[in-house]
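Trainee: Below is one structure. I have some questions about it.
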Amino acid sequence: MKKRSVFLLALGAFVVGTSELIVGGILKPIADDLQISIALAGQLVTVFSLAFAIGAPVVVAITARMERKKLLIGSLALFIVGCLASYGSSEYSQLMLSRVIVGVSAGVFTIIAFSSVAKLVPPDQIGRAVGTVVLGVSCSMVLGVPLGIAVTKWMNWQVVFAALAIAALIVMLLMLRFLSEIEGDVQIPFKQQFTVLRNPVIVTGLLFSFFFSTSSSAMNSYVTPFMESILHLNVTEIGYMMLVIGIFSVIGSRMGGIWADKWGTVRMMSGGMAILAISLALLPLFVAYVAVGLSLIVVWIFAMSMTIPAIQTYFIQQAPQSSNLVLGLNTSVLHLGVAAGAGIGGLAVDATSTVLNNPWVASGAAAISLVMAIVSASRRRETAI
């Protein structure tokens, strides 16, 4: 029963994760159909991230005591409404509003899914359970986005959102039938919930997440042009490499959860960031050797993916009574880091007219993140003493 519930949460994470990533792959068809610029269509991604980062944690905090199964079902129901609104949108403003609805509902589901798995399994299995949910999100990047692009080419972009609504409905019905009852958090007044931000362990942990996400985004946003202009891969070769990256991302997500249970979250966070920082620092030095360069990219993506389950598990362990709120705040910080990394990466490209230096920018952010992980762990030990 517990394993089945974790699987259902991962399946839901796959569906809502696809809704976040898919628009980036079909911006041109949307822009052409609505007769808007690509830049304006790109704001659909921005508004989703803002709704996810700002709206979802507030909803989660307000509903902290609600039984988790009901909240998960409710978030999927709202997600379906948002997807159907996207499907029926004939104007940009309508589509923008629908993305706000989808963003908030997807954010609520994702946050609750991460906190719920901790209540479904024993403490020594939390890491791998969280890793399973992360695996669902990773699979949305590997499988969901390409499928969405294929559907758009086959029919039109609206059908993608209809398909997401149908998929979410199937998951919701399965959860109604098979998902275990999951209790909410301990009853704590709304204002008092935010006292966790006085905890230096939590604050430094959030800083770790921010710089981790900044590092990942500074490189991830420009990895395709890096392979094209620096490593000189053609379109077909890039396609194969993206598939390899996706596979190692999925493997990293799975193994990261298992290793977090075995070796501890602090070791996984610190070790992952050290590997990430070193591989990125070496990458510009070996661009003349394509095989070495591609291998370093694979090492980087694997280290990044295996660190994510450790981060989520770490926050669950630090604030078990307010796990929903802390995970919500962490989700917001991660999304802010994505925006910061993409912006910093863009400034680096503008300043140097090349993406060659982006790995070094990302490596620097990873080094700061590693320092924050060490500081957070040391404060945790001091608090325990």
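The values are calculated or read from the model by the stated rules, or taken from the named source; none is laboratory data. The structure presented is a predicted model; accordingly, all values stated were derived computationally and were not measured. Note that we place each Cβ from the backbone using ideal geometry, even for glycine, and neighbour counts take in every protein chain shown. Only protein heavy atoms, including side chains, enter the accessible area calculation; ligands, DNA and RNA are left aside. Shrake-Rupley method; radii C 1.70, N 1.55, O 1.52, S 1.80 Å.
Trainee: Say the dipole of the chain comes from +1 at the beta carbon of Lys and Arg and -1 at that of Asp and Glu; which of Val137, Pro122, Phe109 then lies farthest toward its positive end?
Mentor: Pro122
Trainee: Please work out whether region 26-170 counts as rounded, prolate or oblate from its C-alpha gyration tensor, where a ≥ b ≥ c are the square roots of the eigenvalues and a/c under 1.5 means rounded, while otherwise a/b larger than b/c means prolate and anything else oblate?
Mentor: In terms of gyration-tensor shape, prolate.
Trainee: Using modelled backbone amide H atoms (1.01 Å from N, in-plane), which distant-in-sequence or interchain residues come within less than 5 Å of Ile26's amide H?
Mentor: Answer set, sorted by chain and number: none.
Trainee: Suppose every Lys and Arg Cβ carries +1 and every Asp and Glu Cβ carries -1, with no other charges. What dipole size does the chain come out with about its Cα centre, to the nearest 20 debye? If you can, show how the numbers build up before the last one.
Mentor: Details: 21 positive and 14 negative charges, 230 e Å.
Dipole size: approximately 1100 debye.
Trainee: Just from its helices, what would the mean residue ellipticity at 222 nm be for the chain, if runs of 4 or more DSSP H residues each count -39500 (n - 2.57) and the sum is divided by every residue, rounded to the nearest 500 deg cm²/dmol?
Mentor: Value at 222 nm, helices only: -27000 deg cm²/dmol.
Trainee: With viscosity set to 1.002 mPa s and temperature to 20 °C, compute the Stokes-Einstein D of the chain, Rh being the Kirkwood radius across alpha carbon pairs; µm²/s, no decimals.
Mentor: It diffuses with D of about 102 µm²/s by this estimate.
Trainee: Give the shape of region 200-344 as rounded, prolate or oblate, defined through the alpha-carbon gyration tensor: a ≥ b ≥ c are the square roots of its eigenvalues, a/c under 1.5 means rounded, and otherwise the shape is prolate if a/b is larger than b/c and oblate if not.
Mentor: It comes out prolate by the Cα gyration axes.
Trainee: At a 1.4 Å probe radius, carbon and sulfur cover how many percent of the accessible area of the chain? Could you put the intermediate results ahead of the total?
Mentor: On the way: 11400 of 16420 Å².
That share works out to 69 percent.
Trainee: How many lysine pairs in the chain, separated by 8 or more positions in sequence or lying on different chains, have Cα atoms less than 24 Å apart?
Mentor: So the count of such lysine pairs works out to 14.
Trainee: Can you order the peptides 366-373, 67-74, 86-93 by their average number of other Cβ atoms within 10 Å per residue, highest first?
Mentor: Top to bottom by mean Cβ count within 10 Å: 366-373, 67-74, 86-93.
Trainee: Follow-up question, since we're still on this one. Note down the nm distance, to one decimal, between modelled labels 7 Å out along Cα→Cβ at Ser295 and at Lys262.
Mentor: Roughly 2.3 nm, to one decimal.
Trainee: Among 352-363, 95-106, how do they line up from the highest to the lowest mean number of other beta-carbon atoms within 10 Å?
Mentor: For the peptides 352-363, 95-106, the packing ranking is 95-106, 352-363.
Trainee: Sticking with this one: If the viscosity is 0.890 mPa s and the temperature 25 °C, what Stokes-Einstein diffusion coefficient in µm²/s follows for region 211-260 when Rh is the Kirkwood radius over Cα pairs?
Mentor: Answer, rounded: 200 µm²/s.
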